[in-house]
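Here is the structure we will look at, set down as C-alpha cells.
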Amino acid sequence: MLYVKVGKNKSIEKAISIFKRKVKESGMLLELRERAFYKKPSADRREKKNKAKLRNKYKVLREKD
C-alpha cells in the first residue's frame with residue numbers, strides 16, 4: 001500500500017503529485033490493466049515471444065550503426 005504523509009505546511013497538490021509518481025513507479029496501474037481481463041497462457045507466451053523478437057531486431061539495428 002502506498003502512503004504519502006502531508007505535513008502542516010505542505011500543499012495537497014504537491015502530495016497528490018508525489019502519490020501519482022509513486023503509483024507510476026510501483027507499476028500498480030500496469031498490473032491492474034493486465035489483470036482486467038483473462039489472458040490465455042498461449043496468448044501470453046505469443047506476446048512475450050513477439051516482444052523478444054522486436055527487442056532483438058532493434059538491438060541488431062543499433063549494432064549495425
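The values are calculated or read from the model by the stated rules, or taken from the named source; none is laboratory data. Values in this document were obtained by computation on a predicted structure and should not be read as measured data. For the accessible areas, the whole protein counts, side chains as well, though only heavy atoms, and no ligand, DNA or RNA atoms are used. Shrake-Rupley method; radii C 1.70, N 1.55, O 1.52, S 1.80 Å.
See the values below:
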quantity: Criterion violated by Tyr38 - all others in (1) in a helix (DSSP H, G or I); (2) modelled with pLDDT of 90 or more satisfied; calculated: (1)
quantity: Hey, Arg46 open to solvent by 80 Å² or more (accessible area, probe 1.4 Å) and at pLDDT 95 or above or not; calculated: yes
quantity: Filter result for Ala36 (at negative phi, within 20 Å of the chain's Cα centre (by Cα) and of a type outside the set (Asp, Glu)); calculated: yes
quantity: Test set (1) within 10 Å of the chain's Cα centre (by Cα); (2) open to solvent by 100 Å² or more (accessible area, probe 1.4 Å) - Ser26 fails condition number; calculated: (2)
